[in-house]
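See below for the structure under consideration.
The values are calculated or read from the model by the stated rules, or taken from the named source; none is laboratory data. The structure presented is a predicted model; accordingly, all values stated were derived computationally and were not measured. Note that each Cβ is placed from the backbone with ideal geometry, even for glycine, and that neighbours are counted across all protein chains shown.
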Amino acid sequence: MSEVSSKELYEFKKTLKELSEKKGRGTELVSVYIPHDRQISDVAKHMREELSQSANIKSKQTKKNVQSAIEVIVQRLRLFPKPPEKGLVLFVGMIPKGGPGTEKMETYVFEPPEPIQTYTYHCNSEFFLEPLQHMMDVKEVYGLAVIDRKEATIASLKGKRVDIIKHLTSGVPGKHKAGGQSQRRFDRLIDLAAHEFKKRIGEYMNDAFLSIEDLKGIILGGPGHTKEEFLKGDYLQYELKNKVITTIDTSYTGEFGIREVIDKSMDVLEEIDVMQEKQLVQKFLKELIDERGLAAYGEEEVRNYLQMGAVDILLISEDLTHKRKTMRCLNCAHETKVTYKDPHDDDEIVCNGCGDRMKVHDVKDLVDDFVKMAEEVDSDIEIISTETEEGMQLFKAFGGIAAILRYRV
Ligand code: ZN
């Protein structure tokens, strides 16, 4: 996982989680998904229709809240001459903070991490998050190719989306069609044609896959041995060859073959993510055992190394819920930062400048605090789940914060 995708994914997951916890009193939370190619004026027109539709809502309060939400959306849309590249999502609604009468209008407008496919307007007691949740599955791209003597199909897999990039046919005749020609000469021609075909496949794959920025791996499939011969030969560029994860025997070629490869390699793909997390934690543990190893752990130690710019890779548990609070003195405005394990802990502390009381001035997730520090010094950031034994160990035994260092101090 690259540094960006791990962090972006984390941020996105966090936003989704926050949004999923918001509930309206009635069916009055509005979600709008706008694809890139949708005209803003069309959406505004639709909003006006929804606004007049909402006159039929029975509950007076719900009606008022839906109408306010739509009006906010119309206002926000005016800021966009057209939707951004990946489209636009808007979540608007009155969210209760406590008992009745505590509702506040909340507005979320952003460009999602993946393109929006369909225009959606949704009004319910919760925000409609499904399309965004689907995008979360999409983080890496795999290159796929199904090859046999006669044809080859090259495709990419991004989340659940398959794009067929190229279909090639060899024109290599079957071996039995020797006819009147001398068998040896004919075999030689066939071998030559087969070689040329593999060369062509390689060229197309190099072309298609080298330009994919975050290509996670390549899987080759197909009936027979052509895929193995292809891999053994010098058809694929060195860098891509190293990315080949596995070869898979299929019954079909073409698009059906691609589908077959995906079905048969699902488990392999899931394991790769898990494997990478495991490997990173294992690397950290190995450094830790070594007396002169490059490992650090615990909030304070890792923070110190980060501030020195000595962290190569920051490992941080996804499940860490600690809060970093900035406390400010009510009297002299002196500030200090404190980490709270329980997010609801609001202990007042005493100012060491004047002895007066200090109150919470700002609250941040501890994970965000570390991610920000790591970004400032260009450390790699890996957010580790607790789905593996190693991830659990990082969380429980090392407080969820560890680092592999660039150097020791
Ligand atoms: Zn003070």
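Worth pointing out:
- Residues of the stretch 361-399 that turn out to be crowded, with 20+ Cβ neighbours inside 10 Å and of a type in the set (S, T, N, Q), as a count: 1
- The one condition in (1) in contact with a helix residue (DSSP H, G or I) (Cβ under 8 Å, 6 or more places away or on another chain); (2) under 12 Å from Val363 (Cα atoms) that Thr326 fails to fulfil: (1)
- Residue that is surrounded by the fewest Cβ atoms within 10 Å (Cβ to Cβ) [pool: residues in the stretch 204-219 that are part of a helix (DSSP H, G or I) and touching a residue at least 24 places away in the same chain (Cβ under 8 Å)]: Leu210
Here's the yes/no breakdown for (1) loosely packed, with under 14 Cβ neighbours inside 10 Å; (2) within 16 Å of the ligand (Cβ to nearest atom); (3) within 21 Å of Phe395 (Cβ to Cβ); (4) at pLDDT below 95:
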position: Gln307; (1), (2), (3), (4): yes, no, no, yes
position: Leu315; (1), (2), (3), (4): no, no, yes, no
position: Glu318; (1), (2), (3), (4): no, no, yes, yes
position: Lys323; (1), (2), (3), (4): no, no, yes, yes
position: Arg328; (1), (2), (3), (4): no, yes, no, yes
position: Cys332; (1), (2), (3), (4): yes, yes, no, yes
position: His344; (1), (2), (3), (4): yes, no, yes, yes
position: Val350; (1), (2), (3), (4): yes, yes, no, yes
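- Pair list, Cβ < 7 Å and 6+ apart or interchain, from the stretch 324-336 residues that are more than 11 Å from Asn352 (Cα to Cα) and part of a loop (DSSP other than H, G, I, E, B) to residues that are among the charged types (D, E, K, R) and more than 7 Å from the ligand (Cβ to nearest atom): Leu330/Arg357; Leu330/Lys359
- Residue check, Val281 over 23 Å from Val141 (Cα atoms), surrounded by 15 or more Cβ atoms within 10 Å (Cβ to Cβ), aliphatic (A, V, I, L, M) and modelled with pLDDT of 90 or more: yes
- Residue check for Glu348: touching a Leu at 6+ places or on another chain (Cβ under 9 Å) and either charged (D, E, K, R) or on the phi > 0 side of the Ramachandran plot (or both): no
- From the list Leu288, Leu306, Leu314, the lone residue that is under 29 Å from Glu390 (Cα atoms), assigned to a helix (DSSP H, G or I) and touching a helix residue (DSSP H, G or I) at 6+ places or on another chain (Cβ under 7 Å) is Leu306.
- Residue within the stretch 252-260 that is more than 16 Å from the ligand (Cβ to nearest atom), under 30 Å from Asp148 (Cβ atoms) and within 24 Å of the chain's Cα centre (by Cα) present: yes
- Scanning the stretch 242-267 for residues that are loosely packed, with under 14 Cβ neighbours inside 10 Å and assigned to a helix (DSSP H, G or I) yields a total of 4.
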